Each structure stands twice: as C-alpha cells, then as structure tokens.
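The values are calculated or read from the model by the stated rules, or taken from the named source; none is laboratory data. Quick caveat, the model's predicted, so the values are computed rather than measured. We place every Cβ from the backbone using ideal geometry, glycine too, and count neighbours over all the protein chains shown. With ligands, DNA and RNA removed, areas are computed over all heavy atoms of the protein, side chains included. Shrake-Rupley method; radii C 1.70, N 1.55, O 1.52, S 1.80 Å.
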Amino acid sequence: MRVTRTIVLLVLSYVCLFKSAVVYALQDEIQVYDDTINAKGVFGVEMHTNTTLGGPSVTPNPGELANLHQLRNTYELSYGIDGHFEAGLYLPIVHESQGPTEFAGPRVRMKWIGKAAPDGGSFYGFNVELSDVKYQFEAQQQAIEMRPIMGFRNADWLVAFNPVLDYTTRPGYRQDGPIFSPQLKVGRTVAKGIQAGFEFYGDVGPVVQPLYMYQQGNTLFAVIDVDRGPWIFNAGVGRGFNSYADGWTVKTIIEIPHGWLQ
C-alpha cells in the first residue's frame, strides 16, 4: 500500500537522522489519534491502563521516577461539542510497585476534526493539550502538546500519523524549544470489527538539538483493535529499541459503552 510505505519511510527518516539531551515522560496515555470524535452532546469515558515490565530504573532528572514497574490508570472524560470539536480531561493515577498510589496531575485537551472519514478516505484534524503534572512524574511539569492528526482508511486498512510537538512552559526546561515525537499507527482488518497492526512512538527530542539515534526512546507496539459494540478497546504489547527507552510495556484502552452513561 503506497500510503503506508510513504509514511513508514518518513517516520524512519526522523528516527535515523538526529542527535543530543535526553527527555522523559509519564506514559499515562499510549495512543495514536485518528478521526474518532464524540457526536454533539455525547459524553465519553475511556480507561487507559499500562505497565512497564523492563527498561531504565532511573531518569536524567534527579527526583523524577522512572516508568519501570509502575501501573498507570488514566481516566479520560470527553464531551462532543458540535461534531467537529471535542473537549477532554485526563486524570492519571500512578501505582508505584514499592510506593504510594498518587494522582499525577490533570491534562485537558481540545480536539478538532476538520474532516472525518468513517466510510473511507482521508481525514485530518488537530489536538491541543495542556498539562500540569507533578515533578516526580515529569520534571518539566507544565507543558503544551500540539498534535496534528492525519490519515487514511478504507475497508481493509487504517493509517494514522501524529507528528507531535511538546513545549514545556516551566522556566529552566524550555530553552531547547519544542520536543518532536512522531507517532504512527497502521491497522489491517482481519475480521468484522477487528484490526491488527502496529503503533510506533518516536522520541526525536528537542527540535533545535535532536537526540542521537541511540538516545531516542523509540518504541514499537503490536496492537489489536476491537469495535464490536457495545465494547470498543485497544490492546498492545511494545518494546523500546534501546536502553534509553522503556522495555516491555503492556497497554489497554477500554471505552465505556455510551449507554452506561445515560
């Protein structure tokens, strides 16, 4: 499939080119965005759960906790405003393997889908997210995420690409400018309402001073997506490419059926 090959080559070119300072982030949401959006006036609830079974036990920032052996549950609340805009709130809770259970701090977002393609074709949109996370989970704490959404689907394939830029607003952490994290999802329909494929999460680092390839925390997941109402969920197992990335990580995203919220 020509579109798939083009996007894969684009992401791999980003992975291979760059160099310099290592960054770290709480893995409370592991998801590539497509054109999914709540209808006007519809509330949504999703639960993101993931745990990291291997990887770095320390981070580059003193006092910051590594993802290793954490269990992370994030509750995502969303509301469809008009069919093109959707507001969201994330409430991440982190369970330390030998420590307390803590609320990591809120994230709020606004998603815009300019063109959806539920019956096939190209789609595009944009998501903006603001976060205020505790220092021990993300040393940069306050940040803005800008996530372009683009892709294509037909009866057999889904391709979604998010060239994400994160910018911290906290003094002392923003001098390198935005951090680039390309994300790619490719899914193949294997049965009615079931897709299997992969998700790639890149970690190129600051745009003005990118990481060397061996420092990038790039991760690849094998995933399955099930949409056989009323249940919709995503599940995957992934592994980082090197010692700077998290090791084996298991994740699920479960959408609570809309009828339960009425």
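Modelled label-to-label distance, PHE233 and MET146, 7 Å Cα→beta-carbon offset: nm?
Using points 7 Å along Cα→Cβ, the separation is 3.7 nm.
Compute the angle between helix 2-17 and the longest alpha-carbon principal axis of the chain, please, reported from 0 to 90 degrees and rounded to the nearest 10.
For 2-17 against the chain, the angle is about 10 degrees.
How much length would be gained if the chain were fully extended between ALA87 and VAL226, taking 0.36 nm per residue of separation minus their Cα-Cα distance, in nm to one decimal?
Values: separation 139, 0.36 × 139 = 50.04 nm, distance 2.39 nm.
Extra length from ALA87 to VAL226 when fully extended: 47.7 nm.
For segment 161-198, run through the trypsin sites (Lys or Arg not before Pro) and keep only the ones in DSSP coil with at most 11 other Cβ atoms within 10 Å of their Cβ. Intermediate results must be reported in sequence, preceding the final value.
Working: sites: ARG174, LYS185, ARG188, LYS192; in loops: ARG174, LYS192.
In loop regions of segment 161-198 (DSSP not H, G, I, E or B), the sparsely surrounded trypsin sites (Lys or Arg not before Pro) are LYS192.
For segment 107-179, which chymotrypsin sites (Phe, Trp or Tyr not before Pro) are in a loop by DSSP, counting at most 11 other Cβ atoms within 10 Å?
Sparse-neighbourhood loop chymotrypsin sites (Phe, Trp or Tyr not before Pro): none present.
I'd like the GluC sites (Glu not before Pro) in segment 26-125 restricted to DSSP loop residues with at most 16 other Cβ atoms within 10 Å, sorted by number.
GLU96
Please list, in order, the residues from segment 234-252 whose amide nitrogen is less than 20 Å from a point placed 7 Å along the Cα→Cβ vector of VAL190.
234-239, 249-252
To the nearest Å, what is the center-to-center distance of segment 117-133 and segment 168-226, using C-alpha atoms only?
15 Å
Students often forget the sequence filter, so: which lysines lie under 19 Å Cα-Cα from LYS111 once same-chain residues fewer than 8 apart are removed?
Cα-Cα hits under 19 Å: LYS40, LYS185.
At 1.4 Å probe radius, can you tell me the per residue accessible area of the chain in Å²?
Details: 12530 Å² over 262 residues.
Per-residue accessible area for the chain comes out at 48 Å².
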